[in-house]
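Report on the structure given below.
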Amino acid sequence: MSLQIKSFKEYKEKYKQSIERPDEFWAEIAVNFTWRKKWDKVSEWDFNKPEVKWFEGGKLNITENCLDRHLEKNGNKTAIIWEPNNPDEESRHITYRQLYVKVSQFANVLKNNGIKKGDRVCLYMPMIPELSIAMLACARVGAIHSIVFAGFSATAIASRINDSQCKMLITANEVYRGTKRINLKEVCDEALENTPSIENVIVYRRTVEPTEMKEGRDKFWFDELQKVKNYHFDAEEMDAEDPLFILYTSGSTGKPKGMVHTTGGYMVGTTYTFENVFQIDKNDVYWCTADIGWITGHSYIIYGPLCAGATTVMFEGIPSYPDYGRFWEIVAKLKVTHFYTAPTAIRALAKHPLSLVEKHDLSTLKVLGSVGEPINEEAWHWYNDNIGKTNCPIVDTWWQTETGAMMISPIAGITPTRPTFATLPLPGVQLALMDENGKEIPQSNEASEGRLAVKAPWPSIARTIYGNHNRYKETYFSSYPNMYFTGDGAYRDATGNYRITGRVDDVVIVSGHNLGTAPIENAINEHESVVESAVVGFPHDIKGNALCAYVITYDNVIKDDALITEIREMVSKSIGAIAKPDKIIFVPGLPKTRSGKIMRRILRKIASNDTSNLGDTSTLLNPDVVQSIIKSYK
Ligand code: PRX
């Protein structure tokens with residue numbers, strides 16, 4: 001299947017068609033997939049309700065598109081190359097045919113354990129092929145997977161399992177991360193104390209260490225496979241609008257949002273953008289360094305690449321092990337042609353001697369990608385000069401868990417690139433830049449800055465928040481009438497190229513991870529010595545942003561390093577180590593408006609060491625507190 005645009009002129013034509021005649025445009029793409037029954041209607045939507053449907057009445061199973069349809073011509077092509085944490089351990093090459101068999105076998109395991117269409121299954125797994133197998137097996141039986149990043153805490157797993165009432169948990173006994181070995185099963189056992197909906201746990205043995213198993217509940221992956229005699233599994237027939245997965249993302253308030261993605265539109269959107277943005281050729285080796293626990297891994301390690309019949313690399317380890325040259329060693333070893341990573345990784349690697357790059361042959365690289373946060377100019381140039389050797393277009397891809405697929409990005413080798421710009425919307429994406437009065441700023445010969453919204457749906461937009469459609473409406477469709485609000489700010493130049501300036505809500509992107517400040521504050525406030533807290537982001541050289549927590553304690557509390565450690569541990573326990581604040585500042589009060597709202601703008605400025613212009617503080621209930629906070633900060 002080739003859905004590729006081949007020139008800038010063609011991009012412009014396709015873009016025009018996609019806006020003027022979206023149904024015709026997307027139908028022309030969608031016919032290239034395997035459907036058991038064609039759709040009745042291409043799209044049906046109303047952002048006021050909000051309700052979005054694509055390819056309604058179409059019947060399919062996404063795994064027939066990821067696997068079965070490649071078997072005849074490409075069964076022996078490598079689908080997944082797995083690179084282990086330890087470079088001395090062997091890589092695994094799994095062909096499309098082998099993957100088909102493994103997925104079918106595991107789908108039988110799921111069925112034997114009572115999993116059927118519509119059931120939710122939680123996956124808490126390391127970056128090993130079995131994660132992909134479990135994920136695809138869920139899709140094959142029609143179960144909805146909910147993958148929880150294997151760095152999240154027991155509390156975070158439990159709340160996600162409970163929110164969507166998962167029936168089964170699939171995990172591994174342990175995970176390797178650099179020199180560390182982490183016991184995932186223990187974390188799961190703690191989570192499972194509070195998750196009554198879970199009936200069975202399947203445990204893959206990644207290491208030979210003894211693993212504690214709970215009789216009647218826990219089963220080893222391998223033992224369950226032994227019981228399967230059938231290497232085929234008739235894929236469940238799904239409606240295009242049946243849910244494929246739930247993936248939780250942080251919100252600016254309250255608990256994480258379980259974004260629900262459905263089958264048909266997600267498949268079409270991820271595959272189309274994958275093929276176009278990267279301009280993948282049939283012998284290419286594509287590597288996305290994200291974890292499958294995030295949307296980037298779902299869409300661009302698994303579903304997009306496999307539907308496109310590409311070879312996709314999965315890496316178990318971390319960029320710094322055994323040294324900071326590991327990524328480049330893997331590129332050389334596997335002859336990677338397409339490399340897709342996050343700015344935070346680029347910045348971290350750029351801090352180390354260039355000799356770590358130069359000793360590896362990177363000449364196979366054709367395209368470089370960036371995702372997850374704005375890429376700063378310095379990182380862009382380092383990437384371009386030292387990794388791409390100025391020969392590889394950099395696709396700076398802007399999108400979100402909610403969008404399912406890339407939205408703004410250059411098409412490699414076709415759209416002119418420019419440092420720090422995600423450039424132009426992809427076909428089917430109709431953007432709007434909004435001013436502070438909620439009015440659209442029309443494209444003109446002048447550059448403008450505003451908030452980014454989208455005027456019409458695209459096939460892979462998340463359809464709802466699991467169990468809370470009202471929150472979906474409130475969060476995304478209530479800022480501007482009849483538009484989807486992204487939560488991001490953007491700058492648009494006179495030629496219509498976009499640069500994303502960052503979040504405009506209380507979500508902070510730390511090392512590419514999307515973290516809501518409210519749940520972190522809740523965790524801190526649970527400490528017995530804490531009265532109240534406020535968490536904000538501030539710029540950080542490598543992480544992009546780091547977190548600063550301003551904490552008010554009870555009067556007689558000793559504010560020492562031990563307390564700081566305890567507070568950070570509270571956050572780690574409640575959410576995960578990624579959410580631990582870098583700075584904890586004890587303050588006598590927080591700047592509040594008369595209506596009791598914390599004025600975070602001021603706290604952000606103080607944390608960024610930018611106190612020269614704090615703006616208008618006269619509306620504060622307690623303006624004096626600002627000077628005390630500045631003093632505490634120093
Ligand atoms: O702020 C934007 C930032 O990441 C947010 C979405 O985070 P998440 O749902 O975790 O998905 C990340 C991977 C798609 C966006 O609202 N973001 C993502 N890509 C870019 C970006 N900011 C600037 N440039 C990007 N290329």
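We did not get these values from a lab; they are worked out from the coordinates using the rules stated. Please read these numbers as outputs of a predicted model, since none were measured by experiment. Because the Cβ atoms are built from the backbone with ideal geometry, glycine has one as well, and the counts that use them run over all protein chains shown.
Just a few scattered comments:
- Considering only V510, N76, W221, the residue lying farthest towards the positive end of the dipole of the chain is N76, judged by Cα position with unit charges set on Cβ.
- Full-extension gain in nm, R92 to N391, via 0.36 nm per residue minus C-alpha separation: 104.7 nm
- Inverting the pair-averaged 1/r between distinct Cα atoms of region 306-456 gives 17.1 Å as its Kirkwood hydrodynamic radius.
- Per-residue ³J(HN,Hα) for region 22-33, Karplus 6.51 cos²θ - 1.76 cosθ + 1.60, θ = phi - 60°, Hz, x for Gly and Pro: x, 5, 5, 4, 6, 5, 5, 6, 5, 5, 6, 9
- Burial order of peptide ranges 119-132, 282-295 (average beta-carbon count within 10 Å, highest first): 119-132, 282-295
- Taking θ as phi - 60° and the Karplus parameters 6.51, -1.76 and 1.60, the scalar couplings of region 199-205 work out to 9, 9, 10, 10, 10, 8, 8 Hz in sequence order, x denoting glycine and proline.
- The charge dipole of region 1-146, taken about the Cα centre with unit charges on the Cβ atoms of Lys, Arg (+1) and Asp, Glu (-1), comes to about 440 debye, rounded to the nearest 20.
- Proximal lysine pairs, region 96-236, alpha carbons under 14 Å, eight or more residues apart or interchain: 10
- When the P(r) is computed for region 42-85, the part past 16 Å accounts for 63% of the Cα-Cα pairs.
- The helix-based estimate of mean residue ellipticity at 222 nm for the chain, built from -39,500 (n - 2.57) per DSSP H run of four or more residues and divided by its residue count, is -8000 deg cm²/dmol to the nearest 500.
- Isolated Cys in the chain, by beta carbon distance under 4.7 Å: C66, C138, C188, C288, C307, C392, C548
- Convex hull projection area averaged over all views, region 507-633, Cα basis, nm²: 7.7
- Each label was represented as a point 7 Å from its Cα along the Cα-to-Cβ direction; for K583 and F8 these points are 4.3 nm apart.
- Measuring between their Cα centroids, region 602-634 and region 220-292 lie 45 Å from each other.
- Modelled FRET efficiency - R0 56 Å, D624 with E44, Cβ distances, 0.05 increments: 0.50
- Each eigenvalue of the Cα gyration tensor of the chain, multiplied by 5 and square-rooted, gives one semi-axis; in descending order these are 36, 31, 25 Å.
- Euclidean distance of C-alpha centroids, region 32-54 and region 467-493, integer Å: 21
- Loop-located GluC sites (Glu not before Pro) in region 36-123 (DSSP state not H, G, I, E or B) with no more than 14 neighbouring Cβ atoms inside 10 Å: E89, E90.
- Neighbour-limited loop hits for GluC sites (Glu not before Pro), region 142-240 (at most 11 other Cβ within 10 Å; DSSP other than H, G, I, E, B): E193, E212, E215
- Per-residue ³J(HN,Hα) for region 299-306, Karplus 6.51 cos²θ - 1.76 cosθ + 1.60, θ = phi - 60°, Hz, x for Gly and Pro: 7, 10, 10, 9, 4, x, x, 6
- Taken about its Cα centre, the chain carries a charge dipole of about 680 debye when Lys and Arg each add +1 at the Cβ and Asp and Glu each add -1 at the Cβ.
- Note on I542 and E199: the model spin-label points, each 7 Å out from Cα along the C-beta direction, lie 4.6 nm apart.
- Shape call, region 73-135: gyration tensor on alpha carbons, a/c limit 1.5: oblate
- Here K14 is the anchor, and the lysines within straight C-alpha reach of less than 17 Å, apart from those fewer than 8 places off in the same chain, are K6.
- Here the Kirkwood formula puts the hydrodynamic radius of region 96-236 at 15.0 Å, using every distinct Cα pair.
- Annotation: peptides 13-22, 225-234, ranked by per-residue average of other Cβ atoms within 10 Å with the highest first, follow the order 13-22, 225-234.
- Net charge of neighbours whose Cβ lies under 12 Å from the Cβ of L136, counting Lys and Arg as +1 and Asp and Glu as -1: -1
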